[in-house]
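Asker: Mind looking over this structure? Questions follow.
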Amino acid sequence: MGLEERLQQAVGLLAESKYAVALTGAGISTPSGIPDFRSPDSGLWKNADPFESASIYAFRRRPQDFYDWIHPLARLIMAAQPNAAHFALAQLEARGILKGVITQNVDMLHGRAGSATVHEVHGHLREVTCMRCYKIFPAVAFLDDFVDSGEVPYCEACGGVLKPNVILIGEQLPVSVVNQARRQIRNCDLLVIAGSSLEMAPAGDLPLLALESGARIIVINFEPTHIDSLADVVIRGDVVDVIPEITTKLLDQ
């Protein structure tokens, strides 16, 4: 089956669906200039092991190591803009075709593109939390200062170290967000997987939950995933090209 046939098949599934949900990973944000930190060529592997620097245990012992490691990524996230794939998913939601987005990304680009229902299962960078007094602050001012200086941010109230509200290795995922995401998965009749390798839990397990509920599956990703053999449509390509093309074909019908 050629690409055009696969695109048309995806359009048909979206047109027939009553409750479509998108699941997105790092591949939807790489066109915006944000690398997948697990990729060997991203540059974030060079000076530190992210599975050490990005763990909650290491953060408590040596927060400067975490901030040294995250500094180049923070710069990129702060400068990034939503791309055509983000805007296309927001457009599908505005038309009532897509009921929500479940994302592994912490960059907040879905919300900035206009998506209203976004479940950020790995947290986000809108807020920071003090590790001593647990006071929560808006992150903007602290992140701006950090991007400029690279220095660890401290709590204005008690002087404790501030941690971005992203989920580090060893931390529990946000239970309420994960539960909301699972409810959407159980309710959906179509799951669109976009730019995710599905290698990390809980995202990697959600397609199986969708299948158990009788949902159809569309996979749009450069690399193979463990769910490809069970999917209705698999499109190998860049989500920044494929999702807008599907959206245009669908809305032009």
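The values are calculated or read from the model by the stated rules, or taken from the named source; none is laboratory data. Since the model is a prediction, treat every value here as computed from it, not as a measurement. Glycine gets a Cβ as well: all are built from the backbone with ideal geometry, and neighbour counts include every protein chain shown. Just the protein is used for accessible areas: all its heavy atoms, side chains included, with ligands, DNA and RNA removed. Shrake-Rupley method; radii C 1.70, N 1.55, O 1.52, S 1.80 Å.
The rows are residues; the columns are (1) in a loop (DSSP other than H, G, I, E, B); (2) at pLDDT 85 or above; (3) surrounded by fewer than 19 Cβ atoms within 10 Å (Cβ to Cβ).
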| position | (1), (2), (3) |
| --- | --- |
| Gln9 | no, yes, yes |
| Leu13 | no, yes, no |
| Lys18 | yes, yes, yes |
| Gly27 | no, yes, no |
| Pro31 | no, yes, yes |
| Phe37 | yes, no, yes |
| Ala48 | yes, no, yes |
| Arg60 | no, yes, yes |
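Asker: Now a separate question. Just one of the numbered conditions (1) of a type in the set (S, T, N, Q); (2) open to solvent by less than 70 Å² (accessible area, probe 1.4 Å); (3) under 25 Å from Val118 (Cα atoms) is not true of Gln172; which one?
Answerer: (2)
Asker: If you don't mind, there's one more thing I want to ask. I'd like to verify a number: residues in segment 154-165 that are open to solvent by 20 Å² or more (accessible area, probe 1.4 Å) and closer than 18 Å to Ser53 by Cα, how many?
Answerer: 2
Asker: List pairs: first in segment 236-253 and free of Cβ contacts under 8 Å to residues at least 40 places away in the same chain, second of a type in the set (Phe, Trp, Tyr), Cβ under 9 Å, 6+ apart or cross-chain?
Answerer: Every condition considered, the pairs that remain are Arg236/Phe222.
Asker: Another one. Out of curiosity, is Arg236 open to solvent by 70 Å² or more (accessible area, probe 1.4 Å), of a type in the set (Lys, Arg), farther than 30 Å from Cys130 by Cβ and in contact with a Phe, Trp or Tyr (Cβ under 7 Å, 6 or more places away or on another chain)?
Answerer: Here the answer is yes, as Arg236 does meet what is asked.
Asker: Still on this structure, please answer the following. Name the pairs whose Cβ atoms lie under 7 Å apart, with the first residue in segment 22-34 and more than 24 Å from Ile185 (Cβ to Cβ) and touching a residue at least 60 places away in the same chain (Cβ under 8 Å), the second in a helix (DSSP H, G or I) and among the β-branched types (Val, Ile, Thr), and 6 or more positions between them or separate chains?
Answerer: Pro31/Val240; Ile34/Ile77
Asker: Restricting segment 100-141 to residues that are β-branched (Val, Ile, Thr) and surrounded by 20 or more Cβ atoms within 10 Å (Cβ to Cβ), which is nearest to the chain's Cα centre (by Cα)?
Answerer: Filtering first and then ranking leaves Thr103.
Asker: Also, quick follow-up: Residues that are touching a helix residue (DSSP H, G or I) at 6+ places or on another chain (Cβ under 6 Å) and closer than 17 Å to Ala26 by Cβ: list the helices (runs of 4 or more DSSP H) wholly contained in segment 173-253 that include at least 2 such residues.
Answerer: Helices (runs of 4 or more DSSP H) meeting the threshold: 239-251.
Asker: Give all pairs with beta carbons closer than 7 Å in which a residue from segment 194-211 that is within 15 Å of Asn179 (Cβ to Cβ) meets a residue that is open to solvent by 10 Å² or more (accessible area, probe 1.4 Å); count only pairs at least 6 apart in sequence or on separate chains.
Answerer: Hits for this filter: Pro202/Leu173; Pro202/Val178; Ala203/Gln104; Leu209/Arg182; Leu209/Arg186.
Asker: Out of the residues in segment 204-225 meeting the condition of being over 17 Å from Lys18 (Cα atoms) and surrounded by 16 or more Cβ atoms within 10 Å (Cβ to Cβ), tell me which one is modelled with the lowest pLDDT.
Answerer: Among them, the one singled out is Gly204.
Asker: Against the conditions (1) of a type outside the set (Phe, Trp, Tyr); (2) under 30 Å from Arg132 (Cα atoms); (3) at pLDDT below 90; (4) open to solvent by 60 Å² or more (accessible area, probe 1.4 Å), where does Gln64 fall short? Just the number, please.
Answerer: Gln64 satisfies all of (1) of a type outside the set (Phe, Trp, Tyr); (2) under 30 Å from Arg132 (Cα atoms); (3) at pLDDT below 90; (4) open to solvent by 60 Å² or more (accessible area, probe 1.4 Å) except (3).
Asker: Is it the case, given these coordinates, that Asp232 is under 14 Å from Gly12 (Cα atoms) and not aliphatic (A, V, I, L, M)?
Answerer: yes
Asker: Here is a list: Ala94, Ala74, Ala79, Ala88. Which entry is in contact (Cβ under 8 Å) with a residue 12 or more places away in the chain, in contact with a strand residue (DSSP E or B) (Cβ under 9 Å, 6 or more places away or on another chain) and within 22 Å of Ser29 (Cα to Cα)?
Answerer: Ala74
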